[in-house]
2 protein chains.
Amino acid sequence: MIHVVLIGLGNVGYHLAKAFLQAPSVQLLQVYNRSKVSPTLQEELKTEIVNDLRQLKAADVYLIATKDDAVESIIHQLTLPKTRIAHTSGSLPLLETKHYDGVFYPLQTFSKSKPLTYDTIPFCIEAEDAETYAILASLAKAISSKVYPITTAQRQELHVSAVFVCNFVNHLYTIGEEICQQHAIPFEILHSLIEETASKIKTLSPLKAQTGPAIRKDLKTIERHIGQLSNESFKTIYQQMTHSIIKKHENEL
Amino acid sequence: MIHVVLIGLGNVGYHLAKAFLQAPSVQLLQVYNRSKVSPTLQEELKTEIVNDLRQLKAADVYLIATKDDAVESIIHQLTLPKTRIAHTSGSLPLLETKHYDGVFYPLQTFSKSKPLTYDTIPFCIEAEDAETYAILASLAKAISSKVYPITTAQRQELHVSAVFVCNFVNHLYTIGEEICQQHAIPFEILHSLIEETASKIKTLSPLKAQTGPAIRKDLKTIERHIGQLSNESFKTIYQQMTHSIIKKHENEL
């Protein structure tokens, strides 16, 4: 049984708590949150929630799932004897505290209102010593079948990649939705295309999967599309992405 | 039984042919292709394939699934008595030929090497008269459960939206893959994130689903990411998308 204390109840912390509660080999001892949580959330998590870092109990691992900016301040406030501490950030380096430091980075997009299947979330693990690595890997394996040893440098690159394939992709969905709304078209018409585009790259490299006016160098369509766009920001994105697709695929010839 | 002649065996034509062959209420009489097709493809389609437009047989509907640029020339070469002709383009207006004109636009990304489930592909139908509309709608319903009446203006907007949510999204996947390859990270680590990002917007509007450094205005992370990117084109896309996310969400406040 791995005893865990979770620090931070944002989108990541919330889902980690939910995942740990489902895992037979993990006991979520306590959760720290800066502010008081709602009675509904308290009820949902069925775990002691504290608002004071001095009240933390003894545990095998302390996971810091706060915003990056808050991690250093949390570390400084901890009054624990030497223990294992990991953060869940895609960006921060391995910490250098007086404890055994690790990284427990779940590569997924988390929103509280969207339930998740935890088993397929990749966990990127790093630690300053082998035993801490082993415990963090066991903790990840208790909730997911995908656990990877990833260095800080790799994790930071993965984080940039994730911004492209998740955050920026979602913004392109937002643009698609806005265009649909402006022309009284149900956004649902695009769901099947969005799903197929995402599913396609599991069997076909995205480089091979590219379709559309840019890769065909169909300048007539490209110009008409740019003419249709009234939002200047969307127009710039259209031009820049088209340029990048053409350039990338010329380089591949 | 609807008798169909298909003109063009590109990515769209190929998949329409495959879909019609599976549909009990459709008979694919003939396929025209500009150049000779491979024996394998000939065998797969089990349909007469001709390379001369003067050899087309009498049918209920002629579907032109060529590149946009070729459609006008195809129309001029047809020597058919008055019949029903539809194109499959997202961009072209309703044609004005001497025939009954229609549009039969499947909103999906087609690659020959990626099998598709045709039943969930949305078909956008338009026609100059009610009877042509009815026949095209029946033809679409024979292969898909999603059939929509869509005007030319709406279809052209849908096409722009599709470029954003499919073609540009796929290019962002390509960038993610390139970053992974450069740092010896298996691209598969990102599959789960890509799938969840696409699946999320079926239950949560993309506007609400946005996560990441841009919407948090996490300037430290944004600056570090920009510093990590060596490809100038990727750097420009990072900056432009970040700017657009911040602007879009400020407007929503």
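The shape of the protein assembly as shown comes out prolate: with a ≥ b ≥ c from the C-alpha gyration tensor, a/c is at least 1.5 and a/b beats b/c.
Counting Cβ atoms of other protein chains within 10 Å of each residue's Cβ and taking the mean over peptide B:206-219 gives 6.
One residue of chain A places its C-beta nearer than any other to the axis carrying A onto B; that residue and its whole-Å distance are A:ALA198, 2.
Taking only the C-alpha atoms of segment A:12-106, the Rg (one decimal) and the largest Cα-Cα distance, Dmax (whole number), read 13.0, 37 Å. Provide the net charge surrounding B:LYS67, with neighbours chosen by a C-beta distance below 13 Å and charges set as Lys +1, Arg +1, Asp -1, Glu -1. It works out to a net charge of 0. The same position A:GLN27 in the other copies lies at 7.4 nm from this copy, comparing label points 7 Å beyond Cα toward the beta-carbon, shortest first. In order along segment B:172-179, phi translates into HN-Hα couplings of 5, 4, 4, 5, x, 5, 5, 4 Hz, rounded to whole numbers, per the Karplus curve 6.51 cos²θ - 1.76 cosθ + 1.60 with θ = phi - 60° and x for Gly and Pro. Note on exposure: B:GLU188, A:GLU96 ranked by accessible area (1.4 Å probe, complete protein assembly) read A:GLU96, B:GLU188, with the most exposed listed first.
Report the local net charge at B:TYR148: Lys and Arg +1, Asp and Glu -1, summed over other residues whose C-beta lies under 14 Å from its C-beta.
Numbers: positive: B:LYS141, B:LYS146, B:ARG155; negative: A:GLU188, B:GLU126, B:GLU157.
Residues near B:TYR148 contribute 0 overall.
For an R0 of 51 angstrom, estimate the FRET efficiency from the Cβ-Cβ distance between B:GLN239 and B:ASP69 and round to the nearest 0.05. Intermediate values should be presented prior to the final figure.
Details: r = 34 Å, r/R0 = 0.67.
Computed FRET efficiency for B:GLN239 and B:ASP69 comes out at 0.90.
In the elastic network of chain A, a GNM with C-alpha springs shorter than 10 Å, the most mobile of A:GLU232, A:GLU128, A:GLU44 is A:GLU232.
For A:177-188, what's the mean count of beta carbons from other chains sitting within 10 Å of each residue's beta carbon?
Working: counts 7, 5, 8, 5, 1, 2, 10, 3, 10, 2, 6, 4.
Counting Cβ atoms of other protein chains within 10 Å of each residue's Cβ and averaging gives 5.
Summing Lys and Arg as +1 and Asp and Glu as -1 over all other residues whose Cβ lies under 13 Å from the Cβ of A:SER230 gives a net charge of -2. When B:LEU204 is represented by a point 7 angstrom out along its Cα-to-C-beta vector, the spacings to that point in the other copies are 2.9 nm, nearest first.
Accessible area of chain B with a 1.4 Å probe: how many percent of it is carbon plus sulfur? Write out the running numbers ahead of the final one.
Numbers: 5520 of 10810 Å².
Heavy-atom surface of chain B belonging to carbon and sulfur, 1.4 Å probe: 51 percent.
Need one word for chain A: rounded, prolate or oblate. Basis is the Cα gyration tensor (sqrt eigenvalues a ≥ b ≥ c); a/c below 1.5 gives rounded, then a/b vs b/c decides. Walk me through the intermediate numbers first.
Values: a/c = 2.50, a/b = 2.00, b/c = 1.25.
Note, shape of chain A comes out prolate.
With R₀ set to 56 Å, the beta-carbon distance separating A:ALA130 from A:LYS217 gives a calculated FRET efficiency near 0.55.
Assign one of three labels to segment B:156-209, namely rounded, prolate or oblate, based on the Cα gyration tensor with a ≥ b ≥ c the square roots of its eigenvalues; rounded applies when a/c is under 1.5, prolate when it is not and a/b is larger than b/c, and oblate otherwise. Could you put the intermediate results ahead of the total?
Values: a/c = 3.49, a/b = 1.53, b/c = 2.28.
It comes out oblate by the Cα gyration axes.
Peptide B:115-122 shows a mean partner chain C-beta count of 3 within 10 Å per residue C-beta. Pairs with C-alpha atoms separated by more than 19 Å, drawn from the list B:LYS18/B:LYS112; B:LYS202/B:LYS247; A:LYS98/A:LYS141, are B:LYS202/B:LYS247; A:LYS98/A:LYS141. Cα centroids of segment A:112-183 and segment B:20-63: 46 Å apart.
Buried area at the B:A interface is about 8900 square angstrom, summed over both chains, from accessible surfaces computed with a 1.4 angstrom probe. Across segment A:12-34, the residues whose backbone nitrogen lies under 14 Å from the label position 7 Å along the beta-carbon direction of A:LYS141 are A:25-26.
A simple spin-label model places the labels of B:LYS36 and A:ALA184 5.3 nm from each other, with each point 7 Å out along Cα-to-Cβ. Each other copy holds its own label point for B:LYS46; taking that point as 7 Å from Cα along Cα to Cβ, the gaps run 5.5 nm, nearest first.
Where only DSSP H runs of four or more residues are counted, chain A gives -13500 deg cm²/dmol as its mean residue ellipticity at 222 nm, each run worth -39500 (n - 2.57).
The values are calculated or read from the model by the stated rules, or taken from the named source; none is laboratory data. From a predicted model like this one, the values you see are computed outputs, not experimental measurements. Heads up, the Cβs are rebuilt from the backbone with ideal geometry, glycines too, and the neighbour counts pull from every protein chain shown. Note: accessible area is taken over every heavy atom of the protein model, side chains too, but ligands, DNA and RNA are not part of it. Shrake-Rupley method; radii C 1.70, N 1.55, O 1.52, S 1.80 Å.
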